[in-house]
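Computed from the coordinates by the stated procedures, all read-outs in this text should not be read as laboratory data. Here the structure is a predicted model, which is why all the values come from computation and not from measurement. Methodologically, a virtual Cβ is constructed for each residue, glycine included, from the backbone with ideal geometry; neighbour enumeration extends over all protein chains shown.
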């Protein structure tokens with residue numbers, strides 16, 4: 001019983017690492033552009049299919065496949081940005097209508113990319129080479145898959161890397177200025193549309209990295225990867241707190257834990273239902289998410 | 001006074017169907033302090049935003065040192081030597097004072113020159129130096145105004161545009177802001193100023209324009225007979241200050 005509980009917690013944290021990685025890219029776009037990119041997952045799916053193709057043709061190694069996934073997701077992300085986000089970014093004064101237009105646009109592209117994937121690919125399900133072929137690690141009675149450990153390490157590394165990028169570089173200064181006061185950033189000489197484009201590309205590349213690690217762990221790619229990535233990334237972002245990078249990691253891990261434990265307690269058919277229930281409950285009580293709650297906890301309760 | 005640094009000719013800017021500027025023509029002489037006066041809603045801020053590229057002119061020409069800048073992006077205009085201190089200052093509230101200044105130099109690549117300018121501006125604005133690590137949003141209104149001016153100066157502009165620098169500030173701070181404006185001008189920066197406080201503005205300006213309902217209706221030099229009439233038409237109540 002205790003072993004089960006510990007194993008479930010461990011599984012949840014590992015599954016949550018994948019969600020955390022997905023949420024980081026999603027959060028970067030939301031935090032900077034204040035826009036939800038629903039085509040985030042489908043762009044990742046295209047990158048994964050590009051890597052699948054390269055794998056079938058050339059039987060490349062893990063590093064090449066990871067790079068192809070990242071490049072594919074970045075290209076697809078740039079396509080989404082040009083079509084859905086760039087046209088609605090410039091008029092800072094018509095914020096809400098533009099936000100809706102770009103979100104609906106990204107939903108349309110999601111459908112388009114998913115349709116293209118199902119139309120063009122002769123099979124829907126393709127195998128994908130694992131990152132690591134050996135047996136899982138044994139920690140006493142518990143087991144731990146190396147792929148998930150790599151995800152956790154990447155999620156933490158990406159979170160710290162982004163923090164450094166934002167706080168220590170010229171590009172980071174521009175990003176923070178745009179987030180703080182977009183008009184003042186333009187007046188300071190910052191090319192705001194270009195900053196948006198680069199942030200979008202960076203977020204898509206992070207999505208590609210997450211996508212590679214996930215398909216290498218699942219050892220298969222299906223068109224469902226698109227919807228799955230958008231949903232998990234978005235839910236983890238909302239759990240953690242909109243637009244906060246550490247919040248994305250906390251939210252991802254929390255979602256993984258919730259899923260693992262509810263699957264164990266109530267069975268797999270209730271897993272998503274319970275995850276959504278907890279999301280609704282949390283948003284009703286604390287709309288700012290888990291990270292804000294954690295940060296506030298040292299202070300006396302109001 | 002020599003050739004105009006900024007020439008605005010027949011500029012029309014509209015929000016949808018409503019024309020806020022209905023053919024504005026004016027010039028800012030090199031080395032001058034030129035002031036734009038006018039009542040609320042006359043189009044003063046619209047002209048500032050159009051000149052700096054935030055709003056797009058529907059028609060007309062804007063020339064900086066002879067070069068057409070209408071239709072160019074704001075960052076491009078900053079790179080050509082013009083900076084705007086916007087209405088309500090718009091400091092970066094969640095960035096430190098030093099980071100605010102660094103952001104103002106975004107178009108520049110000379111790292112050493114940027115650091116030098118930050119130190120120089122800290123010499124000029126000791127209040128800012130004392131708060132260099134503080135976030136912009138924690139500063140008082142007067143300090144924020146100084147930060148907004150210093151941030152604009154970080155791009156080393158030939159022409160500095162200022163939109164209502166005295167807005168919402170205590171009279172003593174307003175005096176200080178205008179002292180700074182006069183100093184900057186003495187050091188060689190041409191200044192184009194929008195002000196509600198015509199009384200103060202006319203003390204420092206070399207030349208002024210009156211804008212009413214999107215058109216320039218009067219221009220002249222302070223001290224001329226028409227000054228009282230201009231102040232009245234700019235609806236100022238500046239004597240109350």
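Hey, any idea what the orientation-averaged projected area of the convex hull of the range B:27-177's Cα atoms comes to, in nm²? Don't jump to the answer; show the numbers that get you there.
Details: hull surface 38.1 nm².
The orientation-averaged projected area of the Cα hull of the range B:27-177 comes to 9.5 nm².
Of B:199, B:75, A:124, how do they rank once you tally other Cβ atoms within 10 Å and put the fewest first? Don't jump to the answer; show the numbers that get you there.
Numbers: B:199 16, B:75 22, A:124 11.
Fewest-to-most Cβ neighbours within 10 Å comes out as A:124, B:199, B:75.
Spin-label pair residue A:167-residue B:59: with each label point 7 Å from Cα along the Cα-Cβ axis, the two points sit 5.3 nm from one another. For the range A:153-290, report the % of Cα-Cα distances exceeding 23 Å. Percent of Cα pairs beyond 23 Å in the range A:153-290: 46.
At q = 0.11, 0.15, 0.17, 0.21 Å⁻¹ the log10 of I(q)/I(0) for the range B:1-110 amounts to -0.40, -0.72, -0.90, -1.22, computed by Debye summation with a single uniform scatterer per C-alpha, solvent ignored. In this calculation the C-beta distance from residue A:292 to residue A:265 is compared with R0 = 25 Å, giving a FRET efficiency of 0.35. Using the basic label-point model (7 angstrom from Cα toward the beta carbon), what is the residue B:67 to residue B:115 distance in nanometres? Label at residue B:67, label at residue B:115, 2.9 nm between them.
Computed from the Cβ-Cβ distance with R0 of 56 Å, the FRET efficiency linking residue B:3 to residue A:63 stands at 0.35. The translational diffusion coefficient of the range B:140-201, from Stokes-Einstein at 25 °C and 0.890 mPa s with a Kirkwood hydrodynamic radius over alpha carbon pairs, comes to 208 µm²/s. Taking 1.567 mPa s as the viscosity and 4 °C as the temperature, the Stokes-Einstein diffusion coefficient of the range A:1-85 based on its alpha-carbon Kirkwood radius rounds to 88 µm²/s. The angle between the Cα long axis of helix B:111-124 and the main principal axis of chain B comes to about 70°, on a 0 to 90 degree scale.
What is the Å³ per residue value for the convex hull set by the Cα atoms of the protein assembly as shown? Don't skip to the end; give the middle numbers.
Values: hull volume 103.8 nm³, N = 543.
About 191 Å³ per residue, rounded to a whole number.
The radius of gyration of the Cα set in chain A, together with its Dmax, comes out at 19.4, 62 angstrom. Between 0 and 90 degrees, the angle of helix B:171-186 with respect to the longest Cα principal axis of chain B falls at about 90 degrees.
Relative to the longest principal Cα axis of chain B, at what angle does helix B:141-153 sit, 0 to 90 degrees, rounded to 10? Result, in degrees: 90.
Once you reduce the range B:117-148 and the range A:118-138 to the center of their Cα atoms, the two points are 57 Å from each other.
So what's the convex hull volume per residue for the Cα atoms of the range A:61-146, in Å³? Walk me through the numbers on the way to the answer.
Working: hull volume 15.4 nm³, N = 86.
Looking at the range A:61-146, the number lands at 179 Å³ per residue.
When shorter helices are ignored and each DSSP H run of at least 4 residues is given -39500 (n - 2.57), the per-residue value for chain B at 222 nm works out to -10000 deg cm²/dmol. Panel order for A:272, A:133, B:110, by other beta carbons found within 10 Å of each beta carbon, from fewest to most: A:133, B:110, A:272. Within the listed set B:218, B:192, B:208, the Gaussian network model of chain B (springs between alpha-carbon atoms below 10 Å) gives the highest mean-square fluctuation for B:218.
Taking chain B as a Gaussian network of alpha-carbon nodes connected by springs under 10 Å, the highest mean-square fluctuation of the residues B:57, B:112, B:150 belongs to B:112. Helical content of chain A, expressed as a calculated mean residue ellipticity at 222 nm, amounts to -25500 deg cm²/dmol (DSSP H runs of 4 or more residues, -39,500 (n - 2.57) each, divided by residue number, nearest 500).
Summarising the label geometry, the points placed 7 Å from Cα in the beta-carbon direction at residue B:206 and residue A:1 lie 8.9 nm from one another.
Under 10 Å, Cα contacts only: if you run a Gaussian network model on chain B, which one of B:219, B:155, B:52 comes out with the highest mean-square fluctuation? It is B:219. Rounded to two decimals, the Cα radius of gyration of the range B:92-241 over 2.2 N^0.38 Å is 1.14. Along each principal axis, taking the top coordinate minus the bottom one, the Cα set of the range A:129-225 gives 59, 33, 15 Å in descending order.
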